[in-house]
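Written out below as structure tokens is the structure these notes cover.
The values are calculated or read from the model by the stated rules, or taken from the named source; none is laboratory data. As the structure is a computational prediction, the values presented were derived from the model and not from experiment. Glycine also receives a Cβ, built like all others from the backbone with ideal geometry; neighbour counts cover every protein chain displayed.
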């Protein structure tokens, strides 16, 4: 009966057979290491093909990805009662991408993005605009946003 107990705490039944850990020990391991993705082990969408929710996300996919190794909302990260789902996972670069179209959109997600970076420091996350521009360069704590093209007055 001892072989059905957690290999770390040796007290509770095994919850994750692959690691031989009980639920509590696995959650501690997962919080420290995060999900393990590689080209041979991409994130799984749990068998459900999710539809893209917004036209700006569709525009991003058409203009940004030059390969088919990307996933839409494929991973949900949870800890301490907070959950966060990045918009895309780029399997070619092993990077999650959060898409924001405005400063207001970024401000609404800022706390979760900061929580994600603190909780999962080994996981790469980029913040991009719908046209693919990287916007997470920070100056004095503020994000430098691309300047809009000048519009001619009518």
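Go through the stretch 51-77 residue by residue and tally those that are closer than 15 Å to residue 94 by Cβ and over 17 Å from the mean Cα position of the chain (by Cα).
1
Conditions (1) at pLDDT below 85; (2) surrounded by fewer than 12 Cβ atoms within 10 Å (Cβ to Cβ); (3) more than 20 Å from residue 54 (Cβ to Cβ); (4) under 14 Å from the mean Cα position of the chain (by Cα), marked per residue:
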position	(1), (2), (3), (4)
88	no, no, no, yes
92	no, no, yes, no
96	no, no, no, yes
99	no, no, no, yes
107	yes, yes, no, no
115	no, no, yes, yes
135	yes, no, no, no
140	yes, yes, yes, no
148	yes, yes, no, no
